[in-house]
1. Part of a helix (DSSP H, G or I) and modelled with pLDDT of 95 or more: does that describe Ala77?
2. For the range 80-105, which positions are of a type outside the set (A, V, I, L, M, F, W, C) and not in a loop (DSSP other than H, G, I, E, B)?
3. Looking only at the range 50-78, which residues are more than 19 Å from Arg121 (Cα to Cα), charged (D, E, K, R) and within 17 Å of the chain's Cα centre (by Cα)?
4. Suppose we keep only residues that are touching a Ser or Thr at 6+ places or on another chain (Cβ under 8 Å) and loosely packed, with under 15 Cβ neighbours inside 10 Å within the range 90-112. Which one would you say is farthest from Ala56 (Cα to Cα)?
5. Which residue, of Ala60, Ala44, is of a type in the set (A, V, I, L, M, F, W, C), touching a residue at least 24 places away in the same chain (Cβ under 8 Å), crowded, with 22+ Cβ neighbours inside 10 Å and not in a strand (DSSP E or B)?
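The values are calculated or read from the model by the stated rules, or taken from the named source; none is laboratory data. Every value quoted in this text rests on a predicted model; they were computed, and no experiment measured them. All Cβ positions, even for glycine, are placed from backbone atoms using ideal geometry, and neighbour counts span all protein chains on display.
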Amino acid sequence: MTELIELAEAALRNSHAPYSRFRVGAALRSQAGHVYSGCNVECASYPLGGCAERAAIAAAVLAEGPSLRITELHVVARDDSGTLRSAAPCGACRQLILEFSSDAVIGFLGHDGKAQRWSIRDLLPAAFNLESQSA
């Protein structure tokens, strides 16, 4: 866990966040034991930016392929003053994390300023599932 927090912290230093000034780093460990990290990248056309969690997952998929399984993922965020900020994964990132593991553990700083650890199922209890959709 500490390794992932340190790697997420290092990743956020490379974040491109000139608009929100909210830097986010994420690091994950795969079931194969490999570690991948990513940072958020903003764009003047706001919807085109990307989350740190999705960047880390993309790096992992590139390295391990579509059979990637995530065991844990940690997120760290700081504002421009360097203050730690709460940074639970957004809904889109939660859905993508679940795509690669239904039992991943997600760590982040909660709104109360304390470290939080949740299962992805607890963070996204009613996840979209293509197989359960009727035609």
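1. No; evaluated as a whole, the condition is false for this residue.
2. If the condition is that a residue be of a type outside the set (A, V, I, L, M, F, W, C) and not in a loop (DSSP other than H, G, I, E, B), then Arg85, Gly91, Arg94, Gln95, Glu99 are the ones that fit.
3. Passing the criteria: only Arg78.
4. For the range 90-112, the residue satisfying everything is His111.
5. Details: Ala44 fails: crowded, with 22+ Cβ neighbours inside 10 Å.
Testing whether each residue is of a type in the set (A, V, I, L, M, F, W, C), touching a residue at least 24 places away in the same chain (Cβ under 8 Å), crowded, with 22+ Cβ neighbours inside 10 Å and not in a strand (DSSP E or B) leaves just Ala60.
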